[in-house]
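The values are calculated or read from the model by the stated rules, or taken from the named source; none is laboratory data. Computed from a predicted model, the values in this text were never measured in an experiment. Heads up, the Cβs are rebuilt from the backbone with ideal geometry, glycines too, and the neighbour counts pull from every protein chain shown.
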């Protein structure tokens with residue numbers, strides 16, 4: 001019974017994420033060390049894609065069974081994020 | 001089991017990431033946006049885990065809502081990053097300044113300004129003319145090569161490509177130089193088609209479109225991105241929009257530094273780098289005494305940027321009087337001038353200031369405001385001789401005009417008085433000539449009759465007396481004639497009648513009668529005359545000249561002495577010398593020899609006019625006269641006459 005609402009929220013969320021990615025992409029040429037912003041961008045895209053994935057799995061009734069696979073993403077993404085922040089700070093300190 | 005493991009690891013690492021975001025060098029706003037977005041992402045994973053465990057649909061709805069909220073904050077973060085990149089002033093002051101590529105922002109801002117100018121120009125200007133300006137600038141600044149797109153816009157990518165791997169600071173400096181030439185150049189082109197005023201209006205419109213803050217950031221960073229148009233706009237904006245009273249003070253304050261810039265900049269552009277550096281040091285030292293001058297920025301090429309200083313003046317409290325600003329500007333000028341003068345020299349310095357200063361300042365001076373006092377205050381501090389003309393000019397136009405009129409009237413009056421006096425002198429001389437010479441003629445006639453005993457017999461003593469009177473009479477007539485001749489020659493009433501002459505003949509004719517006198521005085525009279533070419537001259541005047549010189553020699557040569565007359569050709573001149581072995585002339589008297597009524601020996605007869613007449617005659621013939629002499633040894637009078645073909 002929540003399906004239309006879920007579809008609506010995730011769709012709006014997707015639009016907003018695309019908008020923010022475009023903004024970051026536009027700002028990239030003004031920013032130093034752009035390669036550190038790329039994983040952030042991919043993180044956003046990945047998160048959004050996974051939201052869509054969750055939605056599709058839920059609609060297909062397979063979320064209970066395969067949901068755990070999706071939980072790998074925050075673990076990997078979190079590790080990459082911590083490493084990126086560490087590298088970024090080191091680079092900024094050096095510059 | 002796997003679900004629990006990944007849930008704990010995933011949620012744990014994401015939470016740490018969310019926490020670490022606070023350590024990024026970002027503004028608090030951006031940090032909050034990012035961390036909130038990440039927090040809701042963590043909530044998404046928690047809700048997913050709960051749903052897997054419970055299977056209740058409501059958690060999926062909450063998950064979707066969290067995704068949405070996370071996306072909202074993500075979008076806000078993205079927007080903030082772009083906003084900060086485009087409003088560099090705030091970002092460059094904030095903690096994220098290390099993240100920004102300043103030269104790219106500089107380029108983007110310049111490009112936006114230039115593109116808006118180009119937008120307006122393409123409607124009325126020939127594209128070829130615009131391209132010409134671009135090509136001209138690209139020649140001097142290669143980073144602009146290929147920067148004009150087919151749509152007549154700046155291609156920032158092309159400029160960035162041309163910059164290549166150049167260091168950021170160097171890139172900034174290159175962009176600054178290139179666009180500070182290009183943009184004002186384009187506005188100038190616009191001004192030639194429309195008008196100066198419309199071009200200025202266009203510049204103002206472009207600035208307001210780009211955003212005053214961005215433009216001001218550029219202004220603060222690079223000085224004047226639109227060149228002179230920025231200065232004009234500044235003047236209009238700051239000076240004209242101030243309320244009455246304050247406006248007056250504002251005008252005086254900025255005027256003081258306008259004088260500083262207009263006067264100093266052309267001088268500094270002539271100076272060596274070392275001199276500019278020395279001036280910067282001097283100004284730095286002066287800041288201790290006059291902190292107001294802190295905004296003066298002098299570039300390596302001598303460009304004076306006062307935009308920061310103007311902003312500082314604008315913010316000055318009311319109690320900071322006009323006098324204190326003027327005093328700061330004059331103090332700055334006084335420390336600069338000696339160094340500049342040492343480098344470029346006083347004459348060049350004076351020439352430049354004369355060329356640039358006067359008209360520019362007068363143009364800018366608001367008519368309704370009496371800046372005389374201000375200006376005089378400023379000029380007081382300038383080195384003597386630099387702005388004397390300007391100082392005088394500022395005494396007020398009316399006063400100057402009045403002075404000129406007064407002096408002209410005085411001169412006219414003096415001239416007419418002198419003319420009347422000259423006429424009176426001539427009339428007096430003519431009258432004297434007539435009044436003196438007529439009785440002298442009668443006296444002479446009667447003396448001749450007496451001498452020839454036609455009026456009755458006279459004794460020998462009486463005959464001698466008649467002879468003496470006759471001689472003295474002759475001398476008196478000679479003196480009167482010379483005075484009259486001098487007057488006529490000086491006034492130009494006697495014009496030389498130029499004709500071809502043989503100077504040899506004239507000398508010969510003059511010497512012959514003198515030979516008898518020489519024998520009587522037992523003086524040896526010799527002549528050494530070479531073959532001379534003919535000259536153009538007045539026979540009577542040249543005879544008078546030679547006669548006077550020989551007569552003079554006879555007067556001062558004692559018995560047994562020697563007089564030699566020499567004439568020879570010397571290049572394209574004839575040199576005539578009259579040498580005697582007379583008393584000679586003292587060194588101090590030599591310069592006065594040809595002046596009117598000057599006599600070396602007062603016991604010697606004569607009016608002291610002979611040599612003066614000689615000088616006038618020689619000069620009328622285009623020659624030169626002089627004397628060489630040693631006291632007690634004799635003198636040599638010489639003159640030259642040009643050989644004219």
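Observations on the structure shown:
- Residue match in the range B:491-501 (condition: buried (at least 16 other Cβ atoms within 10 Å of the Cβ) and touching a strand residue (DSSP E or B) at 6+ places or on another chain (Cβ under 8 Å)): yes
- Residues that are outside any helix (DSSP H, G or I) and more than 10 Å from every other protein chain (Cβ to nearest Cβ), drawn from the range A:60-77: A:61, A:62
- Scanning the range A:31-47 for residues that are touching a residue at least 12 places away in the same chain (Cβ under 8 Å) and over 15 Å from residue B:14 (Cβ atoms) yields a count of 6.
- Residue match in the range A:35-43 (condition: over 12 Å from the mean Cα position of the chain (by Cα) and more than 9 Å from chain B (Cβ to nearest Cβ)): yes
- Residue in the range B:22-43 that is closer than 21 Å to residue A:60 by Cβ and at the interface with another protein chain (Cβ under 8 Å from one of its Cβ atoms) present: no
- Condition met for residue B:297 (modelled with pLDDT of 75 or more and touching a strand residue (DSSP E or B) at 6+ places or on another chain (Cβ under 7 Å)): yes
Here is a yes/no grid of residues against (1) more than 7 Å from chain B (Cβ to nearest Cβ); (2) under 25 Å from residue B:61 (Cβ atoms); (3) surrounded by fewer than 16 Cβ atoms within 10 Å (Cβ to Cβ):
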{"site": "A:26", "(1), (2), (3)": "no, no, yes"}
{"site": "A:50", "(1), (2), (3)": "yes, yes, no"}
{"site": "A:58", "(1), (2), (3)": "no, yes, no"}
{"site": "A:79", "(1), (2), (3)": "no, no, no"}
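- Top-ranked residue in the range B:44-62 [being more than 17 Å from residue A:68 (Cβ to Cβ) and facing chain A (nearest Cβ under 9 Å); ranked as surrounded by the most Cβ atoms within 10 Å (Cβ to Cβ)]: B:61
- All of (1) over 20 Å from residue B:52 (Cβ atoms); (2) at pLDDT below 80 hold for residue A:19 with one exception: (2).
- On the stretch given as the range A:2-13, residues that are surrounded by fewer than 15 Cβ atoms within 10 Å (Cβ to Cβ) and facing another protein chain (nearest Cβ under 7 Å) total 1.
- Single unsatisfied condition, residue B:175 versus (1) closer than 28 Å to residue B:303 by Cα; (2) touching a residue at least 12 places away in the same chain (Cβ under 8 Å); (3) surrounded by fewer than 20 Cβ atoms within 10 Å (Cβ to Cβ): (3)
- Considered as a group, the residues in the range B:508-534 that are loosely packed, with under 11 Cβ neighbours inside 10 Å and part of a loop (DSSP other than H, G, I, E, B) include one that is modelled with the lowest pLDDT, and that residue is B:531.
- Qualifying residues in the range B:68-97 (those that are under 47 Å from the mean Cα position of the chain (by Cα) and either within 7 Å of chain A (Cβ to nearest Cβ) or crowded, with 19+ Cβ neighbours inside 10 Å (or both)) - the one modelled with the highest pLDDT: B:85
- The lone exception for residue B:622 - which of (1) in contact (Cβ under 8 Å) with a residue 24 or more places away in the chain; (2) closer than 16 Å to residue B:545 by Cα it fails: (1)
- Residue in the range B:145-158 that is closer than 23 Å to residue B:305 by Cβ and touching a helix residue (DSSP H, G or I) at 6+ places or on another chain (Cβ under 9 Å) present: no
- Of everything listed in (1) more than 7 Å from chain A (Cβ to nearest Cβ); (2) modelled with pLDDT of 80 or more; (3) in contact with a helix residue (DSSP H, G or I) (Cβ under 6 Å, 6 or more places away or on another chain), the single unmet condition for residue B:65 is (1).
- Hey, residue A:16 in a helix (DSSP H, G or I) and either facing chain B (nearest Cβ under 7 Å) or touching a strand residue (DSSP E or B) at 6+ places or on another chain (Cβ under 6 Å) (or both) or not: yes
- Boolean, residue B:624 is surrounded by fewer than 21 Cβ atoms within 10 Å (Cβ to Cβ), in contact with a helix residue (DSSP H, G or I) (Cβ under 9 Å, 6 or more places away or on another chain) and more than 25 Å from residue B:505 (Cα to Cα): no
- Checked against (1) modelled with pLDDT of 85 or more; (2) in a helix (DSSP H, G or I), residue B:588 passes all but a single condition, namely (1).
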